[in-house]
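Written below as structure tokens is the structure these notes are about.
Each reported figure results from applying straightforward, stated rules to the coordinates on display, with no laboratory input. Model, not experiment: these values are computed from the prediction. Cβ coordinates were reconstructed from backbone atoms using ideal geometry, including for glycine residues, and neighbour counts include every protein chain displayed.
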Amino acid sequence: MQTQVMIIGAGPVGLTLAAELARFGVRVRIVDKAPARTDKSKALVLWSRTLELMARGIGTERFLAAGFNVGAVNLVSGKRRIGRLELGAVETPFPYAMMLPQSETERLLEERLAELGVVVERNVEVVSVNADAAQAILKHANGTTEDVTADYLVGCDGAHSITRHALGADFKGETNSSDWILADIHMTGYPAPDSELMIYWHADGAFAIFPIGPGHYRVIADQPPSGAARAPDPTLAQVQAVIDRRGPGGMVASNPVWLAGFRINGRKVARYRWGGVFLAGDAAHVHSPAGGQGMNTGMQDAQPGLETGAGAAGGILPCWWKQTFARRCTPAASGCSGRSAMWAVRPKRRTRSRPIYSACCPSCTAAQKRLLIRAKERLQREPK
């Protein structure tokens, strides 16, 4: 029987979509050109809304067992705490930010997908896509090619999406010129409980510490533009220098798990559908990596339409994609991009050329967002 849905890309978005479709009995194939899942932590957090949708569908138990919950965010300027967000105030069954490395998220999603009878086909590259016929040519590891026609194709193949390029879809937006560093490290001397996140506003720029687990943290900070083709990866010594200068002192980093440089991109396609081909996740919209924005909005791309589509006997695919997918995904992605832009804070007494902080908190209540705004305004009013 012909495949109903061909999914290109087996990251968190593609795996989520495949699992949701499979549990409704849709005939699905999922391919990825990589030989194995990522072994990097990458997107680190699952937010409340993502977990709520997972609870309605593919389930959350295995994820909750593997994750580490963060219940508060502290905002610090100099030696003073100028704001605190208690995530426990969010009206949700999951009032926290659940820290789980993307490598683990993918492992658990693939495990669930296998239980539903679908195996990821790896070392399979998409060579071309025909939107009119929902058709793709696949190249296998042994060099053979396969011509596949499905009812629908969905490109979940990331920011450099082959599917998007094949469609000729514009990916409008911009790249911030600042370089950023990311370090997953072990560290002693953390000045807060491991269940709390710390954000420091410093004259040099941004500095944030995300607990991954006891004694294990992610540090992110912006740096002056290097002018290089890509943001250079930092050394452990460079990370320690940032910790010493922008932090409160006393923290010592060791045993780095992952050191990387990056730049912030904000881009989005104008629409999600071209005939029988759709884009989802980073293939359709990219954001600052702070707060796992891309992964969470992408996983939400793959889920909400099924809430209404599942009831249409024999017609789940048309009900979902024709009426729901683009209409509901576009506001979510745009909203997250808007929050990212809002938090590119440039206090007057600080360096204007680089954002102090860029983040997205999909779980924040209106009151908590007002608290962030007041903290930002208070910082801007401080004397030079």
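Points to keep in mind about this one:
- Net charge contributed by nearby residues that have their C-beta within less than 9 Å of Glu121 (K/R +1, D/E -1): +1
- Computed lengthening from Arg27 to Ser103, 0.36 nm per intervening residue step minus Cα-Cα distance: 24.8 nm
- Over segment 49-114, Cα pairs under 8 Å with separation of 6+ residues give a relative contact order of 33 percent.
- Prolate/oblate/rounded call for segment 67-157, Cα gyration tensor, a/c under 1.5 rounded: prolate
- Between the amide H of Trp258 and those of Asp184, distances stay under 5 Å, these residues lying 5 or more places away or on another chain, with hydrogens modeled in the peptide plane.
- Candidates per trypsin sites (Lys or Arg not before Pro) in segment 1-91, loop by DSSP, up to 15 other Cβ within 10 Å: Arg27, Lys40, Lys79
- Rounded if a/c under 1.5, otherwise prolate or oblate - segment 176-254, Cα gyration tensor axes: prolate
- Hits among aspartates and glutamates - C-alpha to C-alpha of Lys40 under 13 Å, sequence gap 8 or more where chains match: Glu104, Glu106, Asp184
- Projecting label points 7 angstrom from Cα along Cα→Cβ for Ala159 and Ser177 puts them 1.9 nm apart.
- Farthest towards the positive end of the charge dipole of segment 10-150, among the residues Asn69, Gly57, Val127, is the Cα of Asn69, using unit charges on the Cβ of Lys, Arg, Asp and Glu.
- Beta bridges by DSSP in segment 6-126, antiparallel share as percent, to the nearest 5: 70
- The HN-Hα couplings worked out from phi for segment 249-259 by the Karplus form 6.51 cos²θ - 1.76 cosθ + 1.60 (θ = phi - 60°) are x, x, 9, 10, 8, 7, 6, x, 8, 7, 10 Hz, whole numbers, x standing for Gly and Pro.
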